[in-house]
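Note sheet for the following structure.
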């Protein structure tokens, strides 16, 4: 059986030339218009690679082997380009315009991005800062890149976000900073094999140090900006930067870049304007000086302060110089120093030491000993331990810098700093080298003579800073003279008195005579009990320069005039180095003068004066007993309370009659002190 013939189909007549290609182009064009409405051109432009187009040779060469061919609508095969080489949306539009299929505008304005309000931006920044800070607080080693993320938020032009960022960074760094310094990565041994945990820790530490360094640079930039308040009356960003710097100096003084933080504070203290930020920086340095046990931070701060003062020609505020009085290390130092050298009690004259016998060690032992020394050095640095020798060296350097500053100011006679310098010398006089006593005493005598001249001719005073209203002060000459006397006796008190007198031939009679002559004028001084923080209501009708209310800056040092007077009297009448060597004539002259002074001074000063007389009676009662007993007169002539010398006053011709008036004093404590003094007289 023959097979069934296949069905014959009608064959379409062949198309003319060019007709097939036109139909394919029309289909592609319709598909293009149909899908063009769904395109997001802006999003594709953002996702487009920024790399330059690769060369045609490279595109047709080695890269072709890694892709499969694709069949085109025309039936041909070609290799499709990758994403990086695909033409952008602009190229698509250009090709369509050339074909005449699409008639687009040459440039179409992009839709405006909706602006976020400033309040909303601040809220988002707060949320982001809180999120990053929480991550660092929970596990900082897992997020080493969070430090850069925090700094990136602070690059916002909005001032409130910048303040939030630097405060947040300060809090984060204060919490995550370890208790040791981090060495730079350049100090790591090349080719050293490290475990995974150590590598992770070092990566975190380097990220912490890098972020902390950039943060301090940001603080320095904000601190140097002008203190302009925001529109809503908020705190200026410079004040916020100073607060952050002060907090870090107090909280982490051991960490890296301490010098940069201290420079921010010292730069503020170099300015003449005393505001809240100035006071904050000064109090931070005082706290650092009081709490520093090692001395490295104090030495660095003192070095920066002394260099700043010298560069400013000592045109600084007096309170900056008073920060040296808070140095903890100087109160614990046992050596003696001047502005250029230091001597210690255990120092011996240089003698050539005998050569020690060399101990034999093998090469392996020498290598192990060298490695052990390096390990001990690294451990000592990591534990922040300071040896006894290193501590003494630091104390010596600090003492030399402080004395050099004091002596330069003393030589220059800077008026507004004389009180602070004399008070510093009086506190640290026991640390001054004996070889420097003679020059220092002569300088103190010159200051006392100058104060006497200024008291006689107050209108002839001239400040070294003429025209500088912020540094112009009214010098308290009586206070300066008391400070000179305290310093002179402190020099002798802090040394071996017998050796000091025999070797240096110290004569302090000049200071004793000046103190005796100034007692009566001090008793009528209305500011005798004023201190640095005392409140004083002055006479509003008094327009003189001596009125404290009319002074631009009330330059009162730390101790009151009464305290300084008691220190001077104690050194003159009750010297601790040789209490029995005081002559009776000096005791009688000062005792009679002090009883007269007690009638003029205020209540508390009167109690202090009577207490001093009571101590004199307890120690030298038999030498001055004749002043209370008219039957035991030992002198002839007339008593001269205004005599130029102590011996010329002829005190034993007088009688202490002031006690009868003090019996009726309005203060009960004064009356009780007088009764105790009379009881001491009856027991003689």
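Nothing in this text is a laboratory measurement; each read-out follows from the coordinates by a stated rule. What you see is a predicted model; the values in this text were computed from it and never measured. Please note: Cβ atoms are built from the backbone with ideal geometry, for glycine as well, and neighbour counts cover all protein chains shown.
Structural remarks
- For segment 194-331, the relative contact order works out to 20 percent when only alpha carbon pairs closer than 8 Å and six or more residues apart are counted.
- Full extension of the segment from residue 574 to residue 509, taken as 0.36 nm per residue of separation minus the current Cα-Cα distance, would add 21.9 nm.
- Segment 583-684 - percent relative contact order, Cα under 8 Å, separation 6 or more: 34 percent
- Most to least packed among 417-426, 235-244, 208-217 [average Cβ atoms within 10 Å]: 417-426, 235-244, 208-217
- For segment 577-649 and segment 228-301, distance of Cα centres in Å: 51 Å
- Compared with the alpha-carbon gap, the fully stretched path from residue 618 to residue 679 is longer by 20.9 nm at 0.36 nm per residue.
- Which of 156, 298 has the fewest Cβ neighbours within 10 Å, and the rest in rising order: 156, 298
- Computing FRET efficiency as 1/(1 + (r/R0)^6) for residue 296 and residue 121, where r is the C-beta to C-beta distance and R0 is 51 Å, gives about 0.75.
- Evaluated over segment 583-684, the Cα radius of gyration and Dmax, each in Å: 13.1, 37
- Counting neighbouring beta carbons within 10 Å and listing from fewest to most, the residues 667, 281 come out as 667, 281.
- Legend: ranking of residues 653, 284 from fewest to most surrounding C-beta atoms inside 10 Å; resulting order 653, 284.
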